[in-house]
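Working notes for the structure below.
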Amino acid sequence: MKTFIDNLLGRVTMYRLMLYYLSALLIASIGCSLAGVIPYDAGDIVGTVVLLGVFSYLFNWFFATLFRAKQNPESRFITALILAFIIGPVFVAGGGALVLFVAAFVAMGAKYLLAYKKMHVFNPAIVGALSVALVFNYGSSWWVGSPYLVPVILIGGLLVAYKIQRLAMVASFMGVFLASVVLVMGVTWRSFDVALNTLAHPWMFAPALFFAFVMLVEPLTSPQKRNVQYYYAALVGVLVVAYGYFTGTAPYAFELALLSGNIFNRAFSFDPRAVLTLRKREDVANNTTSFWFEPSHPISFVPGQFMQWELPHRHPDDRGVRRFFTICSSPTEQRVMLTTKFSEPSSTFKTTLRAMQEQDEIVTMHVAGEFTLPNDDGTTPCVFIAGGIGVTPFRSMIRYMLDKKISRPITLLYSNKTASDIAFKPIFDEAALAGWLKPVYTVTDTAPYGWKGRIGYITADMIKEEVPEYMNNLFYVSGPQPMVAAFQKMLGEMGVPSDRIKTDFFPGYTETHQATG
């Protein structure tokens with residue numbers, strides 16, 4: 001079941017998945033309205049969404065043109081739907097259109113005006129919702145928190161949070177939020193039983209679920225580092241209750257708490273966008289190309305980390321205009337390298353990437369990832385296991401160690417279908433000559449004449465043969481998600497503790513480079 005979900009989610013970007021999620025909520029809410037189980041008119045729901053969609057589209061185009069910025073097709077409609085669920089539904093014919101006009105204008109403007117180094121600071125939908133509260137004294141309804149919509153909120157929200165690996169962040173927020181509510185209500189009413197019984201009703205926590213799954217985890221305004229995400233979520237959870245119970249701003253508690261969290265995020269983990277200009281491209285293996293970019297400003301990263309890459313283009317497919325790719329270059333190199341494998345048919349993103357010419361630009365943001373070398377004196381031996389294009393973080397690490405003249409005992413087990421699929425072999429062979437890297441190449445299809453590497457999949461027996469002291473090693477596994485999951489299971493069965501296995505998977509790739517015991 002997990003593999004099925006992974007493969008399903010791997011076909012869409014997180015932004016497209018969020019758009020599908022919100023659309024499902026919209027359909028469910030219209031159905032509930034027609035069934036008479038929620039007190040909102042279906043016509044008002046549809047009218048609110050349509051108007052916000054139109055206004056958001058137009059205002060996003062206006063501001064993007066004014067600031068000469070590239071547009072993300074999904075984000076404007078995601079913001080429109082969020083606004084509809086927070087401040088709607090409104091009676092459009094009764095003056096509600098003006099409310100929606102202002103909300104959309106401010107939300108789209110916030111992306112460009114309330115920004116620093118091309119990164120918006122605050123969640124746009126929250127800014128738009130607060131603007132109509134200030135201008136029209138029109139408070140947010142958070143009507144999406146109906147108990148009848150909880151199943152859709154939960155199912156869709158869990159898929160989104162799992163896709164972007166922020167389930168723990170959501171759990172942290174909900175745990176702190178509910179604990180704070182119980183504490184405050186228990187002390188205030190002098191009855192913790194009443195507080196707990198109150199929380200048992202869906203109407204108490206359904207808006208918080210929507211808030212956590214949709215707004216708290218928003219990638220552009222929340223932390224990228226995992227440990228900071230927990231602090232951020234806990235802080236916002238406490239602030240929601242504090243604003244609601246202690247400052248008299250209960251109708252705007254979620255909004256104010258998130259804005260405060262956004263400030264915390266920008267203060268302690270600011271990561272601006274960078275515009276990268278293509279300078280060179282080179283084929284490094286069969287259907288595998290490296291793109292060398294010149295960044296508009298220096299990008300700070302650690303070998304093994306990744307970034308979000310944005311390449312707007314016409315008529316994007318379900319995978320959208322954004323991707324997460326490993327930074328294949330080393331911090332010691334002046335330019336930034338993206339390396340990817342092309343297949344047929346390719347996504348619209350990769351088709352556009354492949355067509356890029358020198359001087360063309362791509363936008364990057366959010367350096368993140370904990371798939372990095374041990375922070376020690378270089379004595380911990382490591383085993384790198386790579387399948388296909390999953391070798392890119394290892395290229396960054398090994399190039400860095402060569403340039404810094406750092407030595408560490410490393411065994412690289414690198415699996416490909418054919419010998420022509422092997423990428424970056426000269427760098428790995430250079431490290432082998434330096435004496436600290438042992439590269440083991442294996443191919444799963446017919447080996448070419450004179451092939452001196454191994455043949456077949458990487459197995460437990462192969463690991464034991466190539467790394468006799470494997471229990472003393474730290475394992476790094478990188479490649480397509482099914483392969484990573486298979487190796488995690490296999491290494492566990494070999495007795496390797498889970499805290500000595502680090503993983504990095506590439507969504508959207510389906511080759512398994514099978515692990516067998």
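Derivation of every value follows stated rules applied to the coordinates shown; laboratory data play no part. Fair warning: this is a prediction, and the values are worked out from it, not measured in the lab. In this analysis, Cβ positions are derived from the backbone assuming ideal geometry, glycine residues included, and neighbour counts consider all displayed protein chains.
Our note on the geometry: Cα centres of segment 100-124 and segment 314-349, 27 Å apart. Stretched out straight at 0.36 nm per residue, the stretch from LEU134 to ASP377 would grow longer than its current Cα-Cα span by 81.8 nm. Rounded if a/c is under 1.5, else prolate if a/b is larger than b/c, else oblate: which is segment 370-517, with a ≥ b ≥ c the root eigenvalues of its Cα gyration tensor? Rounded shape, in that the Cα axes give a/c under 1.5.
When both segment 385-415 and segment 355-375 are represented by their alpha-carbon centers, they are found 17 Å apart.
Legend: distances between Cα atoms for LYS70/LYS225; LYS225/LYS438; LYS350/LYS425; pairs beyond 30 Å are LYS225/LYS438. Toward the positive end of the charge dipole of segment 382-506, with +1 on the Cβ of Lys and Arg and -1 on the Cβ of Asp and Glu, the farthest Cα among MET401, PHE505, LEU491 is that of MET401.
Annotation: extensible slack from PHE62 through THR332 equals 93.2 nm (criterion: 0.36 nm per residue apart, minus Cα-Cα distance). In a solvent-free Debye calculation with one equal scatterer on each Cα, what is log10 I(q)/I(0) for segment 236-395 at q = 0.09, 0.10 Å⁻¹, listed in the order of the q values? The computed values of log10 I(q)/I(0) come out as -0.43, -0.51. Of the DSSP H helices in the chain, those that are both long (alpha-carbon extent of 20 Å or more along the helix axis) and hydrophobic (Kyte-Doolittle mean at least -1.0) are 14-35, 42-66, 73-87, 96-113, 167-189, 226-246, 253-268. Charge dipole of segment 2-268 (Cα centre as origin; +1 on each Lys and Arg Cβ, -1 on each Asp and Glu Cβ, all else neutral): 1000 debye, rounded to the nearest 20. Extent of segment 62-113 along its three principal axes (Cα atoms, max minus min coordinate, largest first): 36, 18, 15 Å.
Largest first, the three principal axis extents of the alpha carbons in segment 394-476 are 38, 29, 19 Å in whole numbers.
When the charge dipole of the chain is built from unit charges on Cβ atoms (+1 for Lys and Arg, -1 for Asp and Glu) and taken about the Cα centre, the candidate among PHE122, MET215, SER343 whose Cα reaches farthest toward its positive end is PHE122.
Looking at the P(r) of segment 2-268, how many percent of alpha-carbon pairs lie beyond 30 Å? Value for segment 2-268: 26 percent of Cα pairs lie more than 30 Å apart. Projected over all directions and averaged, the alpha-carbon convex hull of the chain occupies 26.5 nm². If you look at the Cα atoms of segment 274-368, you get an Rg and a Dmax of 12.6, 37 Å.
Take the Kirkwood radius over Cα pairs of segment 94-148, plug it into Stokes-Einstein at 10 °C and 1.306 mPa s, and you get 132 µm²/s for translational diffusion.
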